[in-house]
Each structure stands twice: as structure tokens, then as C-alpha cells.
Amino acid sequence: MLSEADFETAAEHHRRELHVHCYRMLASYDEAEDAVQEAYIKAWRARARFDGTNLRAWLYKIATNVCVDLVRARSRQVPRLRSNAEVAWLSPYPDHLLDEIAPTDDEPDVVAVAKETIELAFLAALQVLPARQRATLLAREVLGMPAADTAAMLDISVAAANSALQRARATMRDHLPSHRDDWTAREPNARERELLDQFIDAHQRCDAAAALAIAAEDVRVTMPPAPMCFDGRTAIAPLLERAFGPDRDGDWRLLPTMANRMPAAASYLRRPGDSEYRGFKLDVLRIEAGEIAEITTFGYSMFPAFGLPTVLT
């Protein structure tokens, strides 16, 4: 049996990986932090019962079941997904933290965080699934667990695990965007970088026409936790007019970043009479067919997690 110190050191080694797993289950960065903390408390209290064979799998079981209980307790299931606006608790995940996870010689089963398993559309679609189906899909298709290990993790039969996986796959097919087959790159391609640069430039120059020119005709804008959803250039034009027009609240500065393997921009607003640009919002861009197909806008509360300042001079 591991000593208390060795157990704590070994368990801590898996924290980031478990955090991402809980984030997929819950679609919330902060709630994932709470779930991991609870899982580690449970693991610490039960450490005497750990048989020493596979700490990673044991921790995954504890963390997964903590998330299943949280999903059920908070009724965090979306009955019908029309857009990210339905997932009020959705939050972004900083790419630099995702990069901390990678397979090693000692742990070849650790799965690097691929774009298709962390993009906001995938997370939102997961929230339609009941808790056990959600956990089963992630175990089988993201973590690569066999059916028997998945069943053991969730304390269900292999037949029940296979049935849950089939139902989860069918539901996900109905809710994922058509571009899923293109979700392969970890880094933004040249066109994505170019569009992000143009997005930033248009905002800093307060050029609404330039911002609309790089957006798809059916571009969608959502702002979780607000329930609003704006579809199409015509719908978002008034938003840009308020942000960029002569009656705007101030001037903009933007910094590029990455969230959920997607290009993103952190916006800072300098209001009239102020000498500093203050954190305002984070826009995460989904690029499709060389245009901005979707913008998911979050508040600035997560700037520190992204390594971003809250104020620019």
C-alpha cells in the first residue's frame, strides 16, 4: 500500500487530466474544480481500500461518479439543444492548461486533448445526455476504455454500458454540427489565425462592416449564461452598431488567445474619462469553411485562468 505522502504525490499527478474529464461532464470550469476537489477528498478518505494496481482508473471512477451525482442533483441536463445559449453554465477552458495533458512512457493510456472532444459544440451536445450516458460515452470514445472497465467504473452491467453508449451516440449525432469530421487539428490553421487577426483589427478600429465581412451569412452569436441567440448577419448588425457606433461606451483593445482548441479574443474596454482598458469579455470563435460560423461570448471572470491581465494600460 502506498504511504500517505506517496499516495498524495501520485494522485496529484492526475489532477489536470481529471479536471478536464469533469469539465467535459459538467461543461463548467469552476464546477469541474469543485468536482475534482470532492473526488480527491473521497479518494483520500478511502485510500486504505486502494489495492495499489491502477491509481488513475480508481481516481477516474471516483471523479466520474461525483460528476454523475452532481448532474443529477443539479438537474443539469438540456432537454433540447438549439444553441449554446441553452447551456447557461457553459464556460471556456484555457488551451495552455489543456497542453499540460499528454501521454508519457509511464502512462501511454493518457489521452491528449483533441479538438473534437473539447470544442464548445461537443460539450453543449453532451449536456443533452443523461448523466450515465454522458459518462459512458466519454469513457468509451474519449478515454478509450473497454466496455467491461466502463461498466465497472459506473457499477453497471456490461450490457447496460453498451446500451447506454448506443443511445448516447444516437443523441450526439442529432445534436453535433455537420462539420464534426473536420475536427482534427490541435493548432489553428493559417486561415483561422488570419480570421482571428481580422476579428481583432475590426474590433479595435470599431469597423462593423469589416467584422460582418469575415462572418458567415448564418453566423450565430450566443452569450451564456444569457439565453439570447442571434442568428445571421442581419441579427448581429445592431449588436455591432452598439459596440462600434458613435454612441459606444468607449474604445476597444483585444488580445489573442485560445480556448477549447479554438481561436479566441479577450476584449478590454476603455470608457470615456478612464486611462485604462478593463477586462470586458472573451469571444470564442468557431471557424467553418473559412468564415466565422459562431461566436460564443463569455464574461471576463476567467481571464486569470487564461493568464490574461484584467486591466491594460
(message) Sort 195-206, 111-122, 17-28, 260-271 by packing, meaning the average of other beta carbons within 10 Å per residue, with the highest value first.
(response) 17-28, 260-271, 111-122, 195-206
(message) Among (1) 19.3, 67; (2) 20.9, 69; (3) 19.6, 62, only one was calculated for this model; which label is it, if the read-out is Rg and Dmax of the Cα atoms in Å?
(response) (2)
(message) Can you compute 3J(HN,Hα) from phi for each residue in region 33-50, using the Karplus curve 6.51 cos²θ - 1.76 cosθ + 1.60 with θ = phi - 60°, rounded to whole Hz and x for Gly and Pro?
(response) 4, 5, 5, 5, 4, 5, 4, 6, 5, 4, 5, 4, 5, 9, 4, 5, 8, 6
(request) Could I have the simple spin-label model distance between GLU241 and SER163, label points 7 Å from Cα toward Cβ, reported in nm to one decimal? (result) 5.6 nm
(message) Which order do the peptides 31-37, 234-240, 123-129 come out in when sorted by mean C-beta neighbours inside 10 angstrom, highest first?
(response) 123-129, 31-37, 234-240
(message) Using 0.36 nm times the number of residues separating ARG253 and ARG205, minus their current alpha carbon distance, what extension gain do you get?
(response) 16.4 nm
(message) Out of all DSSP beta bridges in the chain, what portion is antiparallel? Express it as a percent rounded to 5.
(response) 90 percent
(request) Just order 63-70, 131-138 by mean Cβ neighbour count inside 10 Å, highest at the front, would you? (result) 131-138, 63-70
(message) Suppose each label sits 7 Å from its Cα in the direction of the beta carbon; what would the GLU276-ASP99 distance come out to in nanometres?
(response) 2.7 nm
(message) Need the C-alpha centroid separation for region 185-214 versus region 66-90, integer Å.
(response) 31 Å
(message) 5 Å is the cut-off here: which amide hydrogens, built 1.01 Å from N in the peptide plane, fall below it relative to GLU294, excluding neighbours closer than 5 in sequence?
(response) ARG220, ARG286
(request) Rank the residues TYR60, TYR300 as a footprinting-exposure proxy: fewest other Cβ atoms within 10 Å of their Cβ go first. (result) TYR300, TYR60
(request) Rounded to whole Hz and in sequence order, give me ³J(HN,Hα) for region 162-169 from the Karplus expression 6.51 cos²θ - 1.76 cosθ + 1.60, θ = phi - 60°, writing x for Gly and Pro. (result) 5, 5, 4, 5, 4, 5, 5, 4
(message) For the chain, what does the helix formula give at 222 nm: sum of -39500 (n - 2.57) over DSSP H segments with n ≥ 4, over the residue count, nearest 500 deg cm²/dmol?
(response) -13000 deg cm²/dmol
(message) Just want to confirm a number: the relative contact order over region 53-181, from Cα pairs under 8 angstrom separated by 6+ residues, in percent.
(response) 26 percent
(request) Sticking with the crude label model, points 7 Å out along Cα→Cβ, report the distance from ILE41 to SER75 in nm, one decimal please. (result) 2.5 nm
(message) Full-extension gain between ARG193 and ILE156, please, as 0.36 nm times their residue separation minus the C-alpha to C-alpha distance.
(response) 8.8 nm
(request) Using θ = phi - 60° and the Karplus relation 6.51 cos²θ - 1.76 cosθ + 1.60, list the HN-Hα couplings for region 118-126 in order, rounded to whole Hz, with x at every Gly or Pro. (result) 9, 4, 4, 4, 5, 4, 5, 5, 4
(request) Work out how much length ALA57 to GLU12 would gain on full extension: take 0.36 nm times their residue separation and subtract the Cα-Cα distance, in nm to one decimal. (result) 14.8 nm
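Here, each number is a calculation from the coordinates, and none is a lab measurement. Since we're looking at a predicted model, the values are computed, not measured. Glycine gets a Cβ as well: all are built from the backbone with ideal geometry, and neighbour counts include every protein chain shown.
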